[in-house]
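Okay, so here's the structure we're looking at.
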Amino acid sequence: MTTPIYYVTAEPHLGHAYTTIVGDALTRWHRLLGDDVRFVTGTDEHGLKVQQAAEAANASPREFVDGVAAKYVDAWAGLNIANSDFIRTTEPRHRDAVLELLQRCYDAGDIELDFYRGKYCVRCEEYYTDDELLPGDLCPIHKLVVDQVEEENYFFRLSRYEDRLLEWYAAHPGAIVPEFRGNEALGLIRSGLRDFSVSRTSLDWGIRLPWDDRHVAYVWFDALTNYLAAVGFGRDPDEFDQWWPVDYHLIGKDIIRHHCVYWPAMLLSAGVELPKGWAIGGWLLVDGEKMSKTTGNVVQPLDLVQTVGVDGFRYYVLADTPYGQDGDFSYDGLIGRYNADLANNLGNLTSRVTTVVASKCGGLGPAPTADGPLVDAAAAAVAATAAAWDVVAPSRALESTWRLIRETNAFLEANEPWKMEPGASVDAVLGDALEALRIVTILASPALPTTTQTIWERIGLAGAVGDRRIPTDVVWGGYPGGSTVTKGSPLFPRLKV
Ligand code: MSP
């Protein structure tokens with residue numbers, strides 16, 4: 001599983017956190033399924049944009065990239081991201097992989113010297129044709145005037161790969177989710193492929209071509225190779241065989257062309273297997289605009305974490321926007337969802353169950369019944385949650401889990417165990433509610449790793465919730481009666497809107 005590697009020209013913001021949290025939750029879900037997951041993220045540190053940013057900051061490129069890369073490492077630790085590796089394109093292992101991939105494509109005859117004259121957006125690190133630009137030679141993404149570039153470049157002969165790419169995608173339906181994003185990728189291929197530049201001469205900060213040291217590798221060729229470098233390409237064949245091909249490249253919709261067109265063509269040329277899958281997310285917009293330094297609408301994850309907690313923030317980004325679509329971030333939306341889903345639903349269920357076990361069951365959680373009214377609801381929640389994660393639809397997965405939370409709360413309200421006398425009837429109700437909560441806790445753990453562990457312990461269960469296995473541990477009947485249940489302070493205190 002991979003995320004894009006983030007440009008060190010920007011500090012980590014909500015948009016970067018979004019893809020990274022989806023990757024983390026998907027990783028945790030697959031670990032519940034018993035899959036051995038290697039989850040890689042990192043930073044994209046070469047290229048003109050970085051060189052210019054370092055100059056502007058009065059630092060050497062090296063000092064500059066070290067400083068910003070450390071901020072990404074810290075940000076992900078702060079959001080409880082369980083990445084297995086953090087790859088930086090300035091590392092020797094990355095350089096080895098880039099040299100190997102370049103050489104293989106060159107030897108295959110797919111890289112040739114040519115002359116380029118045209119428009120370049122440094123912020124995108126991308127070449128544009130006139131018909132792609134907005135009036136006044138403005139980049140369509142950054143709305144800034146592009147540079148006129150004229151130089152000798154090596155080109156990757158992408159135009160040769162049109163048929164092979166279309167054939168490959170036809171033979172691998174569903175490789176890109178969601179489907180409508182896959183159609184966008186196919187549309188790009190069908191609209192005709194232009195060769196793309198793989199080197200620049202007007203740049204120092206990068207990796208020199210193995211066969212011509214006047215040229216530095218174009219930053220996208222360099223960056224994409226991180227996915228191979230992180231699993232030992234060009235260094236450790238055993239490691240590489242173990243982990244490649246990748247199951248999921250998680251990316252944003254703005255980099256479909258690079259990941260779903262350039263990248264598979266580069267791999268075909270080099271004789272490397274293609275990825276098994278891509279999961280493409282939309283953007284989280286702020287006031288309808290993509291967050292960026294240029295537009296000045298950057299939202300820092302840390303500010304939000306202070307308000308709703310790490311799990312509250314993770315839950316919001318996973319639940320609020322169907323993956324693939326654009327979402328609109330708003331502070332009111334964040335607080336509203338936190339109050340409704342976490343404080344009122346999950347928080348309330350936990351607090352009711354633990355309180356009533358204390359007052360009516362002597363603090364020991366009763367065993368569930370075998371055929372209570374929640375049995376089917378729990379099985380349905382498990383199936384729907386799993387089906388949603390299977391197509392990388394975290395918002396749908398959480399919705400399915402939350403349906404079980406609401407049904408369990410409704411079951412408690414219908415039975416009002418807090419009004420019953422201690423005895424078999426109250427035990428039956430609480431046993432079923434505890435069992436539903438136990439299953440919910442496992443299903444929600446990829447999104448809420450810390451708070452689900454707290455619930456797990458409060459209902460008297462041992463070990464780490466993240467070490468459970470699906471489906472074995474979510475079969476109805478797993479809650480062992482007689483466990484010590486403890487009340488605690490509210491997990492998700494209500495916030496004022
Ligand atoms: N360095 C390249 C990726 C190279 S991968 C081989 C790059 N970096 S980026 O930092 O600009 O963007 C990385 C990812 O963050 C992209 O997938 C982009 O879609 C995502 N996001 C950046 N801002 C975003 C939002 N506001 N919302 C959601 N994701 C967005 O491109």
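Here are the numbers:
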quantity	calculated
Accessible surface of region 323-445, 1.4 Å probe, proportion on carbon and sulfur as whole %	51 percent
Cα-Cα separations in region 25-181 greater than 27 Å, expressed as whole percent	50 percent
Overall form of region 193-280 per C-alpha gyration tensor (a/c, 1.5; a/b vs b/c)	oblate
Estimated vicinal HN-Hα couplings, Hz - region 296-312 in sequence order (Karplus 6.51, -1.76, 1.60; Gly, Pro = x)	x, 10, 6, 9, 8, x, 4, 4, 6, 4, 5, 8, 10, x, 4, 5, x
Percentage relative contact order, region 115-190, counting C-alpha pairs under 8 Å, at least six apart	25 percent
Gain in span if fully extended, Lys253 to Asp328, counting 0.36 nm per residue against the direct Cα distance	25.5 nm
Furthest towards positive pole of dipole, Pro245, Ile256, Ala229, structure part region 214-263, Cβ charges	Ile256
Cβ-Cβ FRET estimate between Trp211 and Leu134, R0 fixed at 56 Å, reported to 0.05	0.90
Stokes-Einstein D (µm²/s) once Rh is taken as the Kirkwood radius of region 419-487 over alpha-carbon pairs, at 20 °C in 1.002 mPa s	170 µm²/s
Segment Asp371-Asp236, extension gain: residue separation times 0.36 nm, minus the distance between their alpha carbons	43.2 nm
Degrees separating the helix 348-360 axis from the principal Cα axis of the chain, which is the longest one	30 degrees
Translational diffusion coefficient (Stokes-Einstein; Kirkwood radius from C-alpha pairs) of region 70-143 at 37 °C, 0.692 mPa s, in µm²/s	200 µm²/s
Distant-in-sequence amide H partners of Thr369 (H built 1.01 Å from N, under 5 Å)	Asp432
Net charge of Cβ neighbours under 13 Å - reference Ala377; Lys, Arg +1; Asp, Glu -1	-3
Three principal axis lengths of the chain [C-alpha, angstrom, descending]	86, 43, 38
Helix-only mean residue ellipticity at 222 nm for the chain, each DSSP H run of n ≥ 4 adding -39500 (n - 2.57), per residue, nearest 500	-14000 deg cm²/dmol
Sparse-neighbour loop sites [trypsin sites (Lys or Arg not before Pro); region 437-497; at most 11 other C-beta within 10 Å; DSSP]	Lys496
At R0 = 35 Å, FRET efficiency that the Cβ-Cβ distance of Ser202 and Ala171 yields, to 0.05	0.30
Relative counts (whole %) of C-alpha pair distances in region 137-180, using bins that are 5 Å wide	5, 15, 10, 11, 15, 16, 16, 11, 0
Extension reserve of the Lys143-Thr484 stretch, reckoned as 0.36 nm per residue once the Cα distance is removed	116.7 nm
Two-site FRET efficiency, Arg62 against Ala414, from Cβ-Cβ distance with R₀ of 56 Å, rounded to 0.05	0.30
No Cys partner within the rule (Cβ under 4.7 Å), the chain	Cys105, Cys260, Cys361
Solvent accessible area, Å² - Asp473, 1.4 Å probe, full protein context	50 Å²
Net dipole in debye of region 276-357 [+1 Lys, Arg Cβ; -1 Asp, Glu Cβ; about Cα centre; nearest 20]	320 debye
Radius, Kirkwood style, for region 123-270 when every pair of distinct Cα atoms is counted (Å)	17.0 Å
Given charges at beta-carbon only (K, R positive; D, E negative), |dipole| of region 1-101 in Debye	140 debye
Charged-residue dipole, Cβ positions (Lys, Arg, Asp, Glu), the chain about Cα centre, Debye nearest 20	1360 debye
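The values are calculated or read from the model by the stated rules, or taken from the named source; none is laboratory data. Keep in mind that what you see is a predicted model, and the values were worked out from it rather than measured. Quick reminder, even Gly has a Cβ in these numbers, built from the backbone with ideal geometry, and neighbours come from all protein chains shown. Accessible surface is based on the protein model in full, side chains and every heavy atom, while ligands, DNA and RNA are left aside. Shrake-Rupley method; radii C 1.70, N 1.55, O 1.52, S 1.80 Å.
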